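Note sheet for the following structure.
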Amino acid sequence: MVKINIGGLEFKNPVMTASGTFASGKEYSEFVDLNKLGAVVCKTVTLNQRDGNKPPRIADMPSAMLNSIGLENKGLEYFIENTLPFLKNFDTRTVASIAGNNVEDYTTLAKRLNECKEVHAIEVNMSCPNVVHGQNKGLFSQDEKTTFEIMSAVRKNTNKPIFGKISPMVADITVIAKAIERAGGDAVALINTIPAMGVDLKTRRPLLGNITGGLSGPAVKPVALKLVWDVYKAVKIPVIGMGGIMCAQDALEFILCGATAVQVGTGNFVNPKLTEETALGIEKYFKENNLSGVDDLKGKLNI
Amino acid sequence: MVKINIGGLEFKNPVMTASGTFASGKEYSEFVDLNKLGAVVCKTVTLNQRDGNKPPRIADMPSAMLNSIGLENKGLEYFIENTLPFLKNFDTRTVASIAGNNVEDYTTLAKRLNECKEVHAIEVNMSCPNVVHGQNKGLFSQDEKTTFEIMSAVRKNTNKPIFGKISPMVADITVIAKAIERAGGDAVALINTIPAMGVDLKTRRPLLGNITGGLSGPAVKPVALKLVWDVYKAVKIPVIGMGGIMCAQDALEFILCGATAVQVGTGNFVNPKLTEETALGIEKYFKENNLSGVDDLKGKLNI
Amino acid sequence: MKQIKAEVINISEVKPGIFNILMKAPYIAKNAKAGQFVEVLCNNGAAKNCTGGPLLRRPFGVHNAKGENIEILFKVLGKGTEYLSQKKAGDILDVIGPLGNGFDIKEGRLAVIAGGGMGIAPLLFAAKQTKNPLIFLGARNEAELPCKEKFENLGKLILTTDDGSLGEKCFLNIPLERVLKENKNAVIYACGPHPMLKCLADLGVKYGVEVQVSLEEKMACGIGVCQGCPVELKNKDTKYKLVCKDGPVFNAEDVVW
Amino acid sequence: MKQIKAEVINISEVKPGIFNILMKAPYIAKNAKAGQFVEVLCNNGAAKNCTGGPLLRRPFGVHNAKGENIEILFKVLGKGTEYLSQKKAGDILDVIGPLGNGFDIKEGRLAVIAGGGMGIAPLLFAAKQTKNPLIFLGARNEAELPCKEKFENLGKLILTTDDGSLGEKCFLNIPLERVLKENKNAVIYACGPHPMLKCLADLGVKYGVEVQVSLEEKMACGIGVCQGCPVELKNKDTKYKLVCKDGPVFNAEDVVW
Ligand SMILES: Cc1cc2nc3c(=O)[nH]c(=O)nc-3n(C[C@H](O)[C@H](O)[C@H](O)COP(=O)(O)OP(=O)(O)OC[C@H]3O[C@@H](n4cnc5c(N)ncnc54)[C@H](O)[C@@H]3O)c2cc1C
Ligand SMILES: Cc1cc2nc3c(=O)[nH]c(=O)nc-3n(C[C@H](O)[C@H](O)[C@H](O)COP(=O)(O)OP(=O)(O)OC[C@H]3O[C@@H](n4cnc5c(N)ncnc54)[C@H](O)[C@@H]3O)c2cc1C
Ligand SMILES: Cc1cc2nc3c(=O)[nH]c(=O)nc-3n(C[C@H](O)[C@H](O)[C@H](O)COP(=O)(O)O)c2cc1C
Ligand SMILES: Cc1cc2nc3c(=O)[nH]c(=O)nc-3n(C[C@H](O)[C@H](O)[C@H](O)COP(=O)(O)O)c2cc1C
Ligand code: FES
Ligand code: FES
C-alpha cells in the first residue's frame, strides 16, 4: 500500500475525494468501498446554513464543467450531528472542509471541529469562487496576508493537520503557498476551480444563475500540474494536487509534478467508481515500477 | 459591415488574428482573403532576433494545446524590412505586436514602429508565459506598476492606437486593465495563454522542452469570457477578447460579454479559413438579428 | 442505484430527431419505478481524451421497463443526445440508475396522465402502472408527438396540438380542466415544459386536485452529491431541494413557480 | 497547398495496428512531391465541442499519389491515429497539403532508399520517383514492416529486422554501409527513428555521400506559422529551422544530431 503522511497523520494511500464533489461519501459509498480511499474530504461546511446560489448551477464546457453551487450546506452543527457519524463506520481518514466570511468564522469552525474526534484533519477552503465575501472583492487565498491570517487562526485552534486550499488565479502561487507554510499549515491543496463563465447566445443570458462560476475537469489539468510543480519547488510541506483527474495516470502525473496526495473531483460525476479505481491504479503502478513509496515518484521529473 | 473603432482607428470588422498564430498573414493568405479581416496582428517582434525555446514546443491537451515557442522572431529591423511590406498589399489593418525585456526595449520598439506607416496600431505584449524576464520572475502584466510603466512609455512614443495584451493569471484583472487605461492605452487585449504544463508518465519528462508553456484553445474560453466580462465592466476603453474562438458563435459570445473586437488564435491551426469564416458569420448574425453595430450586442448580457 | 454496462438492443428514430433506445439493464428494469430516471454517459468512456460527446452524463426518464430491458426516448438537442443518437445495436452504454423518487401512484384514484412534448417520455411507464388512466398528450405539432400509439391501449387518450395537426387545437390544460370539473378525486401525473406544469399546478389549486410534476434541471452527479440541481420549494427547512434526489417528481403545491 | 475535403476510398489494416487510407484528393495527388506531407484533421470538425479526437491536426507523409488519389500509411499510437483508424470508405477527411519541401531527387545518381519502421511511409512515393533504387527497409520485426511487397518491383529490396524475423538480423546501416563503400555517387533518401537517421548521417560523412533525412517534430499549423516544430541546424543565420516548412527533409550534414 502506498501510504503517505501529512502533518504526522498517516493516510493509507494518496487518493482523497475533492471537497464538494463527494458530499460526505454516503451516496458514492454505493459505488465505491470508502475503506479503499486515503481520505474522504467532506463538502465545505460553514458556520450557518447556506442556501447556495440560484439555478442553473451547472453547465457543460469543452472537456470541463462549470459550477456555481455557492457552498450550499446545512451548517456546522448539522454537519457534526448528522454527517460525521456516517464516516465513523469506515477505515479511512475524514477531512472536514471549512469556509467562513472572516477570520473569526474560521476560528470558530476550527475550534469546534477540533473537539470532534471523527475529524482527522481540516481543509481550509479559502478559494470558493462562488461566494462573495463582505470585506474584499477577491477570494481570501488571492491575498497573501489574508491567507496567512486565516491559516494562523486555524492553526491556533486545532492540533489536527490542516490543509490550505487555494485558488489558481493569482500572479504568483508560491507567495500564497509560502504564507500557508509560514502560518503552520501542514499541506497546500490546489487547485480550486478556475473562475469562468458561459453564455447562451440565443437567450443572451449567462448559463449560470450566478453569472460566473468555477471551471473544473480535464481542461484545467495542465494549469493545475504547473501550479503544483511551482508550489512543490517553493515549500517544504506536502502538496495535495487536484484538477481534472480522470484516471490513475492523471493522478500519477500530479505526483510526478510534486504532489504527495491527490484529490478526485469532477471525475466522480463521470465515473462514480473513479476514486477507488484511482487508488488501485496507483498501487498497481507503484508495484510494477518497484517504487517503495510516494517519495520515489514525487517531483521526480526528468528535466 | 460591422465596423468598429479603437482609439480613433476604424476596423472594417471585429475579427483580428491573434499574435503568434498567423505569422504576418503570408501563409494563411493562401487560405483566406486577408481583405476580409478587421486586422492582422503580427507575431510579436522583439528588438533583436530571438531563437525561441528548445523543442518540443507543442503538445496536445484536452480541447486545448500547449505551446512554448518563446517568441522566436528575427528582430525589429527584419520585421520592418521583410515582413511589413507584404501586408501593404491588403486592405486590412496591420497591428504590430511588441515585447521587450524592460521598459527601454518597449520604448525603442514603439518609437521605431511609430515611423512605419504600414503599421496602424501596436499591441503591447506584456504577457508571454514562455519568456523569462531578467528583473522579476513573473510576467510584466501580472504587476500593476510594470504594466503602467510599459504602457506609459509606449504611449509617449507613438500616436498610433495601442492595445495592452495581458495575462489571465492575476488575482484581479481589473487592476491591470485600469493601469492600461490610466496609461493612455486604447484597448485591453486578453487573454494571452494560461501558464500550464504536461508530463509524459512513461519517460517522466515534461512534454515541452521548456518544461512549462501556455494553454490555449476551446478549454480556455470560459476563463477568457469571464475575464473579458470583468474588464468590460471596469474600464471605458474597448476590450479585445480572445481565447478558444473556433467559430463565429464563440466570437459573438465574446462580444456579448463586452468585447469590441475578437482575435482568433489556435483555431487557425485547426481550420485555416477560420478568421474569414468568423468575420462572415458575425456579419450574418448582425444582419439576421437587425443589429446596426457592435454596440447593439456588446456587453448586452441579460442578467 | 447501480452503474450498469447496458447493451443497446435496438435504436430507432421514431420521429425526425426523436430516438428510442431499448437496452439491456436487468437491475434497473427490475427496480425502476415510474418517474425515475437514469444518467447516461455520452462520451466514449474517455472523458479524459474527450473523444466524443460531453463530459457530464445526461439524465433521461425511464420510458419503459419490461423483463430485463429498459427504454429511453429522447430528442436530439445538443451534443449528448447527438452522441446517443449515433449508437448502434450491440454498443454498450454506461448507465447509472434508477435515480430519483418517481411518481407516488395513488391507487383507487382517477389517474390523469399529462405529458407535453418530450415530457411524455417517463409517462408511458407511469401510464402502465395506473389503472384506466386518462392520458392527455400535447405537443406543438404531430411531428413532436412520438409514440402516441404506445399509449393507445393503456387508457383513454386525449391528444392536443398547438397547430391542430393532431387532436384538438389547444393546450392540453383545456380538455384536462373539463375532466377536473367532474373528478375531484383525480391525481395528475405530469411532465413537460415548465409553463405547462405551472398551468397544471394552478388547475390543481383551483379544483383541489393533487398534481405531481416531474421537473428538470441541469445535472452533474444525478445522485444528490453536487447540489447542482436545485428547485425552490415553499415553506421548507431549506430554500432548495434537489431535482435528482428529492425529485424529479414534486407535489405541484410545494414548488415556487 | 490547399485545404481539401478528401473522401476515403478505401481503408485497410495492413498489419495489426497499421492502417492504409486511400483517399480522393486530386489537387494534392497532382502537386505532391515525394517526401512532402499532409496535415489531417482528426476530430469531427467540431473541435469546439471536442467530439472525437485531438484538437490539432496530425502530419502524415504522402505514401503514394496516383491519378486523383493519395495514400497515407500510419501506425495507431494515440488518439489522432486511433480516430483515423476508425474511418470508413465514404467518410470525408479534412486534409491540408501538400506541405513541406520533399526530397531533392538527384537524377543520374544511385538512389538509396532507407526506411526504418513507419519511416517507410513517405519512401514508397520516393522510390517510385527514382530509377532502379536500392531499397533498404528495416524494422523491429516482421509485424512492424508493412507494405514491403509494394516496394518489390521498384528496385532491389534489402530487408533487415532486429529479431531476424525477416531479412538480415541487424540494423539496416550494416548492409547499407557495404553499398556505400562501393558507390560514392549514391544519394541516400532516409526516414525513420532518430538514432537510425543519425547513424546514416555518420555514414554519409564517412563515405562523403549525400544523405537526405526526413525529420519529425510535433506540429500545430504545419505551414510555417506557429514556429512549433524547430530543428536545430549548424552554421545558419538562425539557430532553428522549421520541420514543416524548411523540411521535413534536411541535408543530414546540416542537422545538429
Ligand atoms: C430528470 C430528467 C429526465 C429527463 N428525461 C428526458 C427524457 O426522457 N427524454 C428527453 O428527451 N429528455 C429528457 N430530459 C432532458 C435531457 O436530459 C436533455 O435533453 C439532455 O440532457 C440534453 O443534452 P444535450 O447534450 O443533447 O444538449 P445540451 O448540449 O446540454 O443542450 C443543447 C441545447 O438544448 C437545450 N436544452 C438542454 N436540455 C433541455 C431540456 N431539458 N429542455 C429544453 N431544452 C434543453 C440547452 O439549453 C441547449 O440550448 C430529462 C431531464 C431530466 C433532468
Ligand atoms: C512530417 C511528418 C510526417 C509523418 N508521417 C507519418 C506517416 O506517414 N506515418 C505515420 O505513421 N506517422 C507519421 N508521422 C508521425 C505521426 O504524425 C504521429 O504518429 C501522429 O501524429 C501521432 O498522433 P496520435 O494522436 O495518434 O498520437 P499522440 O496522442 O500524439 O501520441 C501518442 C504517443 O505516441 C508518441 N508519438 C507521437 N508521435 C510519434 C512519432 N512520430 N514517433 C514515435 N512516437 C510518437 C507520443 O509521444 C505519445 O506517447 C509523421 C510525422 C511528421 C512530423
Ligand atoms: C460541483 C462542485 C462543487 C465543489 N464544491 C467545493 C467545495 O465545497 N469546497 C471546495 O473546497 N472545493 C469545491 N469544489 C472544487 C473541487 O474540490 C476541486 O478543487 C476542483 O473541482 C478541481 O478538481 P476537479 O477538476 O477534479 O473537479 C467543487 C467543485 C465542483 C465541480
Ligand atoms: C503557438 C502560439 C504562439 C503564440 N505567440 C504569441 C505571441 O507571439 N504574442 C502574443 O501576444 N501572443 C501569442 N500567443 C497567444 C495568442 O495570441 C492568444 O492570446 C492565445 O493563444 C489565446 O487565444 P486562442 O485560444 O484563440 O489561441 C500565441 C499562442 C499560440 C498558440
Ligand atoms: S445533480 Fe448533483 S445533486 Fe443533483
Ligand atoms: S508546425 Fe507550425 S511552424 Fe511548423
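The values are calculated or read from the model by the stated rules, or taken from the named source; none is laboratory data. This is a predicted model, so every value here is computed, not measured. Cβ atoms come from the backbone with ideal geometry, glycine included; neighbour counts cover every protein chain shown.
If I filter the stretch C:231-251 down to residues being at pLDDT 95 or above and of a type in the set (A, V, I, L, M, F, W, C), which single residue comes out as nearest to ligand 6 (Cβ to nearest atom)? Here the answer is C:CYS244. For the stretch C:213-257, filtered to residues that are outside any loop (DSSP other than H, G, I, E, B) and more than 14 Å from ligand 1 (Cβ to nearest atom), the residue that is farthest from C:LEU123 (Cα to Cα) is C:TYR240.
Note on the stretch A:145-167: residues that are buried (at least 24 other Cβ atoms within 10 Å of the Cβ) and of a type in the set (Phe, Trp, Tyr) total 1.
Of D:VAL209, D:VAL205, all but one fail to be away from chain B (no Cβ under 14 Å) and in contact with a strand residue (DSSP E or B) (Cβ under 6 Å, 6 or more places away or on another chain); the exception is D:VAL209. A:THR260: crowded, with 17+ Cβ neighbours inside 10 Å, touching a residue at least 24 places away in the same chain (Cβ under 8 Å) and within 14 Å of chain C (Cβ to nearest Cβ), yes or no? No: the conditions fail for A:THR260.
Yes or no, residue by residue, for (1) in contact with a Leu (Cβ under 9 Å, 6 or more places away or on another chain); (2) within 16 Å of ligand 6 (Cβ to nearest atom); (3) of a type in the set (Val, Ile, Thr); (4) within 14 Å of chain B (Cβ to nearest Cβ):
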| site | (1), (2), (3), (4) |
| --- | --- |
| D:ASN44 | no, no, no, yes |
| D:GLY80 | yes, yes, no, yes |
| D:GLY100 | no, yes, no, yes |
| D:ASP104 | no, no, no, no |
| D:GLY119 | yes, no, no, no |
| D:ALA143 | no, no, no, no |
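The condition (being of a type outside the set (Gly, Ala, Ser) and over 28 Å from B:LYS221 (Cβ atoms)) is satisfied by just one residue among B:ASN67, B:ASN73, B:ASN125, B:ASN157: B:ASN157. Exactly one residue out of B:GLY214, B:GLY209 is within 23 Å of D:ARG57 (Cα to Cα), facing another protein chain (nearest Cβ under 10 Å) and surrounded by fewer than 24 Cβ atoms within 10 Å (Cβ to Cβ), and it is B:GLY209.
Take C:GLU232 and tell me if it is away from ligand 3 (no atom under 16 Å from the Cβ) and within 14 Å of chain A (Cβ to nearest Cβ).
When the stated conditions are applied, C:GLU232 passes them.
Where strands (runs of 3 or more DSSP E) fall wholly inside the stretch D:23-125, the ranges with 1 or more residues that are aromatic (Phe, Trp, Tyr) and modelled with pLDDT of 95 or more are D:37-40, D:58-61, D:69-75.
Of the residues making up the stretch A:270-303, those that are out of contact with any helix residue (DSSP H, G or I) (no Cβ under 9 Å at 6 or more places or on another chain) and within 14 Å of chain B (Cβ to nearest Cβ) are A:GLU288, A:ASN302, A:ILE303.
Only one entry in D:CYS226, D:CYS244 is in contact with a helix residue (DSSP H, G or I) (Cβ under 9 Å, 6 or more places away or on another chain), under 19 Å from B:LYS43 (Cα atoms) and either within 16 Å of ligand 2 (Cβ to nearest atom) or not hydrophobic (A, V, I, L, M, F, W, C) (or both), namely D:CYS226. Against the list (1) surrounded by 17 or more Cβ atoms within 10 Å (Cβ to Cβ); (2) not assigned by the TED database to the domain that holds C:GLN36, the condition C:GLU149 fails is (1). The residue list A:GLY244, A:GLY164, A:GLY213 contains one member that is within 16 Å of ligand 5 (Cβ to nearest atom) and either assigned to a helix (DSSP H, G or I) or in contact with a Ser or Thr (Cβ under 8 Å, 6 or more places away or on another chain) (or both), which is A:GLY213. When you go through D:GLY192, D:GLY167 one by one, which is the residue that is of a type in the set (Gly, Ala, Ser), within 18 Å of D:ILE135 (Cβ to Cβ) and more than 16 Å from ligand 2 (Cβ to nearest atom)? One residue alone meets the criteria, D:GLY167. Inclusion of B:SER167 among residues that are of a type in the set (Gly, Ala, Ser) and without any contact (Cβ under 8 Å) to a residue 60 or more places away in the chain is warranted.
For the stretch D:193-230, a tally of residues being within 14 Å of ligand 6 (Cβ to nearest atom), of a type outside the set (D, E, K, R) and surrounded by fewer than 21 Cβ atoms within 10 Å (Cβ to Cβ) returns 2.
What about C:ASP163, is it over 19 Å from the mean Cα position of the chain (by Cα), outside any helix (DSSP H, G or I), outside the structural domain of C:ALA65 (by the TED database) and not small (Gly, Ala, Ser)? Judged against the criteria, C:ASP163 is a match. Take A:VAL220 and decide whether it is within 16 Å of ligand 1 (Cβ to nearest atom), in contact with a Pro (Cβ under 9 Å, 6 or more places away or on another chain) and facing chain B (nearest Cβ under 10 Å). For A:VAL220, the condition - within 16 Å of ligand 1 (Cβ to nearest atom), in contact with a Pro (Cβ under 9 Å, 6 or more places away or on another chain) and facing chain B (nearest Cβ under 10 Å) - is not met. Which ones in the stretch A:20-51 are of a type in the set (Asp, Glu) and within 19 Å of the chain's Cα centre (by Cα)? Once the filter is applied, which keeps residues that are of a type in the set (Asp, Glu) and within 19 Å of the chain's Cα centre (by Cα), the stretch A:20-51 yields only A:GLU27.
Restricting the search to helices (runs of 4 or more DSSP H) fully inside the stretch A:71-158 and requiring at least 2 residues that are basic (Lys, Arg) gives A:103-114, A:144-157.
For C:LYS181, state whether it is more than 16 Å from ligand 1 (Cβ to nearest atom), part of a helix (DSSP H, G or I) and either of a type in the set (D, E, K, R) or under 23 Å from A:LEU207 (Cα atoms) (or both). Spell out the reasoning first.
Values: more than 16 Å from ligand 1 (Cβ to nearest atom): yes; part of a helix (DSSP H, G or I): yes; either of a type in the set (D, E, K, R) or under 23 Å from A:LEU207 (Cα atoms) (or both): yes.
Here the answer is yes, as C:LYS181 does meet what is asked.
Scanning the stretch A:185-206 for residues that are away from ligand 4 (no atom under 16 Å from the Cβ), under 16 Å from the mean Cα position of the chain (by Cα) and at the interface with chain B (Cβ under 9 Å from one of its Cβ atoms) turns up just one, A:PRO195. Residues in the stretch B:52-73 that are facing another protein chain (nearest Cβ under 7 Å) and charged (D, E, K, R) were compared, and the one that is farthest from the chain's Cα centre (by Cα) is B:ASP60.
Candidates in the stretch C:184-227 are the residues that are in contact (Cβ under 8 Å) with a residue 40 or more places away in the chain and among the small types (Gly, Ala, Ser); of these, the one that is farthest from ligand 3 (Cβ to nearest atom) is C:ALA186.
Of all residues in the stretch B:70-77, none satisfies being within 25 Å of B:LEU297 (Cα to Cα) and modelled with pLDDT of 95 or more.
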